[in-house]
Amino acid sequence: MNLNATYSSTSGTTYSAKSAVTLSEVQEKGLSAKEIVNGYITQYMEEALLEAKKSFSTQADTFRLADIGYTGKPLSELSQSEAAELVSEDGFFGIAQTSERIANFVIGGAGDDMQKLQAGREGMLRGFAEAEQMWGGKLPEISYTTMQKALESVDARIKELGGNVLDTSV
């Protein structure tokens, strides 16, 4: 078994990173089944974390924050207070600016075409439902408030063009 982290057993033995533990070492050091299992769990967790980092990196490469106008510090380098500022009411990822970006995307793409505007609104709702599904249930409350504000803007444009929207709920 390969242990990828430093692990101290209850018997006081410390295993260093990437040390191979053979059956003879298990017998010699008197490792318990619990210690062996903990070693395997540690190894598994580290390997899973490495795979998750690779996957996230690949996903992040397909989406650039600059594409939506964000030019600030990389998100992975933000302090807790900087991240909180970004999602605050006036922050780049706050309700006001995010809902405006969503609504402007739909309104700008549709122009004065009522059918495109309504299709864009339906797309917003479908995308939101898919996000809930991917998340595994209820999203954070900021998401619902943001979507409601974006829908209000799109609905206002539909009304300006003489259209009617019956369902304005998320």
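The values are calculated or read from the model by the stated rules, or taken from the named source; none is laboratory data. Quantities reported herein were computed from a predicted structural model and do not represent experimental measurements. Positions of Cβ are backbone-derived with ideal geometry, glycine not excepted, and every protein chain shown enters the neighbour counts. Accessible surface areas use protein heavy atoms only, side chains included; no ligands, DNA or RNA. Shrake-Rupley method; radii C 1.70, N 1.55, O 1.52, S 1.80 Å.
General remarks:
- Charge tally for Met114 (other residues, Cβ to Cβ under 15 Å; Lys, Arg +1; Asp, Glu -1): -1.
- Gain on full stretching of the segment that runs from Asp113 to Ile36 - 0.36 nm per residue minus C-alpha separation: 21.1 nm
- Solvent-accessible area of Phe128, all protein chains in place: 20 Å² (probe radius 1.4 Å, heavy atoms, ligands and nucleic acids excluded).
- In this label model, Leu50 and Ala131 are separated by 3.4 nm, measuring between points 7 Å along each Cα→Cβ vector.
- Area accessible to solvent at Ile36, 1.4 Å probe radius, in Å²: 40
- Per-pair calculated FRET efficiency, R0 = 22 Å: Glu77 and Lys149 via Cβ, rounded to 0.05: 0.15
- Take the convex hull of the alpha carbons in the stretch 88-169; its mean projected area over all directions comes to 5.3 nm².
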